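K.L.:
Can you read through this structure? Questions will come right after.
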Amino acid sequence: MGSTTALYLARGGMKVSLIDRGSIAREASGVNAGTLTMHMTRADLIPYAMRGWEMWRDADQWLGLKSGITTTDGLCLAFTEEEADMLRQRSEVRRAAGAPIRIIDRSEARRIEPSLTEKVRLAAHCPIDGHVSAYLTGMAYRRALISDGVNIMERAGVTGIDDLGYGYQINTLAGTIQARRIVLAGGAWLGQMLSWLGINIRIRSLVNQLIVTERLPVTMRTVITVASGLLSLKQFANGTTLIGGGWQGAGGPERNTMSIIPENMIGNTRLAAYAIPALKKTRVVRAWLGPEAETDDAMPIIGPVPGRPGAFVIGSVHSGYTSGPYMGRLMADFILGRESEHPLFPVDRLIKNTLEA
Ligand SMILES: Cc1cc2nc3c(=O)[nH]c(=O)nc-3n(C[C@H](O)[C@H](O)[C@H](O)COP(=O)(O)OP(=O)(O)OC[C@H]3O[C@@H](n4cnc5c(N)ncnc54)[C@H](O)[C@@H]3O)c2cc1C
C-alpha cells in the first residue's frame, strides 16, 4: 500500500521517497496468497475490492506487470446445511454491496470446477475472482517507482519520527530525512509507527499460514474458498497449488518469532483435499507464515493522522492484497487534494474506542 501511494503521489507531481526497513513488498505484500477475492472480503469493502480487482486485471497498463495475473471464477463452498445457510446470508450481503455473486447448486458448481468433491452441498459463484503471484509484484513496483522518479531507500529501518512543526524528521538506520508530508504504511508495524506520533491504538498482528504443493497436472482452474472462511485454494500455471485461508501460526510479526503450528498445517491441507480430492495424490513442498494487521473493528485505517498536519496513515485492510492498489490510489488522491471516489477510513474512531476501553 505504501508503494502504490508513493507511485501515485509521484505521478501527481510530488517529490517522493519510499523508506523501507528491508526490501519493498517483501512482508505481507510479498508472501501472501495473492487471491483476488470478493467471497473473503468484508461486505463494506466490496466496492474497494472490485476496484482493486480491476487494477490488478489492468496491471500491465499502470504497473507494467505483464505476467502472474490470472482472472478466473471463484467458488465458495458449503458442505453442511449450517454452512449453506451461512453462505446464502453472506452472499446476499456481498451481492447487496455490489459483488456479482450468485448461489448455484452442486451440479452447476461441478460443471464450473469438475475436480470439485461430490460432497459439496451448495456454492456461491463469483466471475470476478483470480490470483496474482505476490512474489513478482515487488519487482514490478520497483521498476515503476524508479521510472516515475521515486527515491527508494531500502534497508533503512525507521526508528522514530520528530514533528518539526513545519514538517517531519524521519530518523532511519541509514540517516535522517525531512519531509513536509509523511505517509505511514507499515503493515503489521503500523501501531508502533502511530505511537511515534503520539497515537496509541490497538492493532493486532495475525500470523497467516500458507502451504504450497508439488506440481500436478492441470487439476483445477477456479479459486476455491469455503463458507466457514478457512480455505483459499488455487492452482498456478506451473502446476503447484497454494493452500491458505487464514489458518494461524505462532509468534509475532517478526520472521524469527514465527513458527508453524503442525495441527494447523494438517487441518488446512485436509480441508483442501476434502474440497478437491485429486489433491490427496500430492505432497506438500513448503509452508510459510506472513504478518497481517487487524484493528479492533477489523476495518482499515486510511486517512490523516489526527493532530498531525501533513501526516497520513494507510493499512490494516482485510483482504488487503485484493484492494491494496486501489486503497493506495485513494490515499494519494486525498493527499493530492483530489475528490475521493469512495470514503476513507479515519483513524479517529479507534482512538475513541481505546480511550473508552
Ligand atoms: C500469509 C498471508 C496471506 C494473505 N493472503 C491474502 C490473499 O490471498 N488475498 C488478499 O487480498 N490479501 C491477503 N493477505 C493480506 C495482504 O497480504 C495484506 O493486507 C497486504 O499485503 C498488506 O499490505 P501493507 O502494504 O499494508 O503491508 P506490508 O506489505 O506488510 O508492508 C509494510 C511494510 O512496512 C515496512 N516496515 C515495517 N516497519 C518499518 C520500519 N520501522 N521502517 C521502515 N519500514 C518498515 C515493512 O518492511 C513492509 O515492507 C494475506 C496476508 C498474509 C500475511
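The values are calculated or read from the model by the stated rules, or taken from the named source; none is laboratory data. What you see is a predicted model; the values in this text were computed from it and never measured. Neighbour counts are summed over all protein chains in view; Cβ atoms, including those assigned to glycine, are modelled from backbone coordinates with ideal geometry.
K.L.:
Just checking, which of Met331, Met299 is part of a loop (DSSP other than H, G, I, E, B), within 23 Å of Ala97 (Cα to Cα) and of a type outside the set (Ser, Thr, Tyr)? Give the derivation first.
P.N.:
Values: Met331 fails: part of a loop (DSSP other than H, G, I, E, B).
One residue alone meets the criteria, Met299.
K.L.:
List every residue pair whose Cβ atoms sit under 9 Å apart, with the two residues 6 or more apart in sequence or on different chains, where the first one lies in region 173-199 and is of a type in the set (S, T, N, Q) and the second, anywhere, is within 13 Å of the ligand (Cβ to nearest atom).
P.N.:
Pairs that qualify, where the first residue is of a type in the set (S, T, N, Q) and the partner is within 13 Å of the ligand (Cβ to nearest atom), are Thr176/Ile170; Gln178/Ile170; Gln192/Gly186; Gln192/Ile203.
K.L.:
Quick test for you: out of Ile199, Ile161, pick the one residue that is in a loop (DSSP other than H, G, I, E, B) and either among the small types (Gly, Ala, Ser) or within 16 Å of the ligand (Cβ to nearest atom) (or both). I'd like the intermediate steps shown before the answer.
P.N.:
On the way: Ile161 fails: in a loop (DSSP other than H, G, I, E, B).
Every option except Ile199 fails the conditions.
K.L.:
Can you pull out the residues in region 129-187 that are buried (at least 21 other Cβ atoms within 10 Å of the Cβ) and of a type in the set (S, T, N, Q)?
P.N.:
Once the filter is applied, which keeps residues that are buried (at least 21 other Cβ atoms within 10 Å of the Cβ) and of a type in the set (S, T, N, Q), region 129-187 yields only Thr137.
K.L.:
State all residues of region 264-317 that are surrounded by fewer than 18 Cβ atoms within 10 Å (Cβ to Cβ) and on the phi > 0 side of the Ramachandran plot; if no residue qualifies, say none.
P.N.:
Residues satisfying the conditions are Ala298, Gly307, Gly310.
K.L.:
Within region 45-68, does at least one residue satisfy the condition of being in contact (Cβ under 8 Å) with a residue 12 or more places away in the chain, within 15 Å of Thr4 (Cα to Cα), basic (Lys, Arg) and touching a helix residue (DSSP H, G or I) at 6+ places or on another chain (Cβ under 6 Å)?
P.N.:
The answer is yes, given that some residue of region 45-68 is in contact (Cβ under 8 Å) with a residue 12 or more places away in the chain, within 15 Å of Thr4 (Cα to Cα), basic (Lys, Arg) and touching a helix residue (DSSP H, G or I) at 6+ places or on another chain (Cβ under 6 Å).
K.L.:
Follow-up question, since we're still on this one. Looking only at residues in region 125-148 that are part of a helix (DSSP H, G or I) and among the hydrophobic types (A, V, I, L, M, F, W, C), which one is nearest to Arg221 (Cα to Cα)?
P.N.:
So in region 125-148, the residues part of a helix (DSSP H, G or I) come out as 134-147.
From the residues that got through so far, the ones that are among the hydrophobic types (A, V, I, L, M, F, W, C) too are 134, 136, 139-140, 144-146.
Working: Ala134: 18, Leu136: 20, Met139: 26, Ala140: 25, Ala144: 30, Leu145: 33, Ile146: 35 Å.
The extreme case among them is Ala134.
K.L.:
Which ranges mark the strands (runs of 3 or more DSSP E) fully within region 220-262 that have 3 or more residues being assigned by TED's automatic domain parsing to the domain that holds Gly74, surrounded by 14 or more Cβ atoms within 10 Å (Cβ to Cβ) and modelled with pLDDT under 95? Before you say what the answer is, go through the steps one by one.
P.N.:
Values: elements: 223-226, 232-235, 241-244.
By residue number, no strands (runs of 3 or more DSSP E) qualify.
K.L.:
Those residues that are closer than 21 Å to Phe236 by Cβ, part of a loop (DSSP other than H, G, I, E, B) and either charged (D, E, K, R) or over 20 Å from the mean Cα position of the chain (by Cα) (or both), I need them from region 65-105; list them, please.
P.N.:
Taking region 65-105 first, the residues closer than 21 Å to Phe236 by Cβ are 65-77.
Subsequent filtering for residues that are part of a loop (DSSP other than H, G, I, E, B) retains 65-68.
If the condition is that a residue be closer than 21 Å to Phe236 by Cβ, part of a loop (DSSP other than H, G, I, E, B) and either charged (D, E, K, R) or over 20 Å from the mean Cα position of the chain (by Cα) (or both), then Lys66 is the only one that fits.
K.L.:
State whether one or more residues within region 115-134 are of a type in the set (S, T, N, Q), over 30 Å from Thr240 (Cβ atoms), more than 9 Å from the ligand (Cβ to nearest atom) and at pLDDT 95 or above. Even if it seems obvious, please write down each step before you answer.
P.N.:
From region 115-134, those of a type in the set (S, T, N, Q) are 115, 117, 133; that's our starting set.
Within this subset, residues satisfying the condition of being over 30 Å from Thr240 (Cβ atoms) are none.
Within region 115-134, not a single residue is of a type in the set (S, T, N, Q), over 30 Å from Thr240 (Cβ atoms), more than 9 Å from the ligand (Cβ to nearest atom) and at pLDDT 95 or above.
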